[in-house]
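Novice: Following this message is one structure expressed as structure tokens.
The values are calculated or read from the model by the stated rules, or taken from the named source; none is laboratory data. The structure displayed is predicted, hence computed values, not measured ones. Cβ sites come from the backbone with ideal geometry, for glycine too, and all protein chains shown count toward neighbours.
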Amino acid sequence: MDAVGIDGHDPNLTRRDFLARGSAATVGAALGTSLWPAGARAGVGAGDEATVIRVRDENVVIGRRVHKPVLAEMLDKGLIAVTGKPDVTAAWRSLLKPDDVVALKFNQSGAEGLGTTVPMAEVLVRSLTEAGFPASQLVQLEVPPAAYGELGTSRPSLSWDREETSFGSGSDQLSAVLRQVTAIINVPFMKNHNIAGVTCCLKNLSHALVKHPARFHANHCSPFIADIVALPQIRDKLRLHIVNGLRTVFEGGPEATEEYTVPACLLLLGTDPVAVDTLAVEELNQQRQDHGLSRIEARDGKLGYLAAAGAHGLGCADLYSIGVKKIQD
């Protein structure tokens, strides 16, 4: 059977060409050259929700060591680009209210193998506190226990709602942390997933904020991922998605083994989690091609959970309608 790209187009047009062409040379620049066909959107300006910022610096990871000053610079550039604001403080203040209690939602699955959560948390917390958000207003989820005390952030509530909440395709108890916080900064990994196909922004939210995630893996996690994230208790709190792509898992996920882990050295930032996940699929498929593996298969041109998320209005699942701004090292 011929391969099908996640956008329904010839996959030869959406691998390296997509990542190479859909880019801008500097922060704030429009797309330099366009892959999109006539009538499709391209070069979407800063502030448009379907724009994804791609920041890469090959010096950020050496072996398993993360160079935090380089990572901090990457984050700064990404924040300015995704918000269109003149500096980092203004960027954070455009995303968050001064009194917000902010969840920083990481991913503990595969974290030990990847080894990038703690430096990412340190850089992110420092960026927020320097912008005027006290560490006491920050709640880290799924980080090593030592990180709470070292960074001075508040501990998350570990309890669950007593009653189940229906989300259409199922129901479950929601994490009490959703009542503790008023905003969410989502910080997922970029990994292949043996059931969903890919785990990134949407799955990082859906299968960690419900008590019994194992119930919701049938049919490649669709429509469960989309239905859960569409709940107002989650959706209304989402402010920004920052993909930790410093080291990524292109096969064998969601756990991380050295054999299938590469130093991708990148961050993806956006306010549209569907658009970010759509680009993440392309990133992982390029890595798989580089290692002689087939593309992550899709049905009807898109991964099932992405198609469902787009249908829910959670964001843009059409690759050819997503603007990409590429900040090179």
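Novice: Can you name the number of the only condition in (1) within 14 Å of the chain's Cα centre (by Cα); (2) within 24 Å of Leu124 (Cα to Cα); (3) at pLDDT below 95 that Asn192 fails?
Specialist: (2)
Novice: Output the number of residues of region 197-221 satisfying the condition of being surrounded by fewer than 17 Cβ atoms within 10 Å (Cβ to Cβ) and under 20 Å from Leu104 (Cβ atoms).
Specialist: So the answer is 1.
Novice: Quick check on region 129-151. Is at least one of its residues in contact (Cβ under 8 Å) with a residue 40 or more places away in the chain and closer than 27 Å to Thr257 by Cα? Write out each step before concluding.
Specialist: Start the filter on region 129-151 by keeping residues that are in contact (Cβ under 8 Å) with a residue 40 or more places away in the chain, which leaves 130-133, 139, 141-142.
Checking which are closer than 27 Å to Thr257 by Cα leaves us with 141-142.
The answer is yes; a qualifying residue exists.
Novice: If you don't mind, another one. Enumerate the pairs (first residue in region 153-177 and without any contact (Cβ under 8 Å) to a residue 12 or more places away in the chain and surrounded by 15 or more Cβ atoms within 10 Å (Cβ to Cβ); second residue anywhere and assigned to a loop (DSSP other than H, G, I, E, B) and among the polar types (S, T, N, Q)) with beta-carbon separation below 9 Å, excluding pairs fewer than 6 apart on the same chain, so at least 6 apart or on different chains.
Specialist: Taking only residues 6 or more apart or on different chains, the pairs are Glu164/Gln173.
Novice: Asp227 fails exactly one of the following numbered conditions: (1) crowded, with 20+ Cβ neighbours inside 10 Å; (2) touching a strand residue (DSSP E or B) at 6+ places or on another chain (Cβ under 8 Å). What is the number of that condition?
Specialist: If we test Asp227 against (1) crowded, with 20+ Cβ neighbours inside 10 Å; (2) touching a strand residue (DSSP E or B) at 6+ places or on another chain (Cβ under 8 Å), just (2) comes out false.
Novice: If you scan region 310-329, which residues turn out to be part of a helix (DSSP H, G or I) and of a type outside the set (Gly, Ala, Ser)?
Specialist: Quick first cut of region 310-329, residues part of a helix (DSSP H, G or I) only: 310-311, 319-321.
Across region 310-329, the qualifying residues are Leu319, Tyr320.
Novice: For region 81-94, what are the residues that are more than 17 Å from the chain's Cα centre (by Cα), among the aliphatic types (A, V, I, L, M) and over 16 Å from Thr129 (Cβ atoms)?
Specialist: As a first pass, look at region 81-94 and keep what is more than 17 Å from the chain's Cα centre (by Cα): 84-94.
With among the aliphatic types (A, V, I, L, M) added as a condition, the list becomes 88, 90-91.
Matches in region 81-94: none.
Novice: Please give the number of the condition His241 fails out of (1) in contact (Cβ under 8 Å) with a residue 60 or more places away in the chain; (2) touching a Pro at 6+ places or on another chain (Cβ under 8 Å); (3) not hydrophobic (A, V, I, L, M, F, W, C).
Specialist: (1)
Novice: With the requirement that a residue be closer than 24 Å to Ser94 by Cα, hydrophobic (A, V, I, L, M, F, W, C) and either more than 14 Å from the chain's Cα centre (by Cα) or not in a strand (DSSP E or B) (or both), what does region 224-268 give you?
Specialist: If the condition is that a residue be closer than 24 Å to Ser94 by Cα, hydrophobic (A, V, I, L, M, F, W, C) and either more than 14 Å from the chain's Cα centre (by Cα) or not in a strand (DSSP E or B) (or both), then Val229, Ala230, Leu231, Ile234 are the ones that fit.
Novice: Mind counting the residues in region 102-112 that are crowded, with 18+ Cβ neighbours inside 10 Å and over 18 Å from the mean Cα position of the chain (by Cα)?
Specialist: Initially, region 102-112 is screened for residues crowded, with 18+ Cβ neighbours inside 10 Å, giving 102-107, 109-111.
Retained after the next criterion (residues that are over 18 Å from the mean Cα position of the chain (by Cα)): none.
Number of matching residues: 0.
Novice: Is it the case that some residue within region 230-237 is of a type in the set (A, V, I, L, M), in contact (Cβ under 8 Å) with a residue 60 or more places away in the chain and surrounded by 22 or more Cβ atoms within 10 Å (Cβ to Cβ)?
Specialist: no
Novice: Against the condition under 30 Å from Ala280 (Cα atoms) and modelled with pLDDT of 95 or more, how does Gly170 come out, does it pass? Step through it out loud before you land on a result.
Specialist: Numbers: under 30 Å from Ala280 (Cα atoms): yes; modelled with pLDDT of 95 or more: yes.
In short, yes.
Novice: Take Ser136 and tell me if it is modelled with pLDDT of 95 or more, of a type in the set (Ser, Thr, Tyr), outside any loop (DSSP other than H, G, I, E, B) and surrounded by fewer than 18 Cβ atoms within 10 Å (Cβ to Cβ).
Specialist: On the way: modelled with pLDDT of 95 or more: yes; of a type in the set (Ser, Thr, Tyr): yes; outside any loop (DSSP other than H, G, I, E, B): yes; surrounded by fewer than 18 Cβ atoms within 10 Å (Cβ to Cβ): yes.
Yes, satisfied.
Novice: Quick one: how many residues across region 162-208 are under 16 Å from Tyr305 (Cα atoms), in contact with a Leu (Cβ under 7 Å, 6 or more places away or on another chain) and outside any loop (DSSP other than H, G, I, E, B)?
Specialist: So the count comes out to 4.
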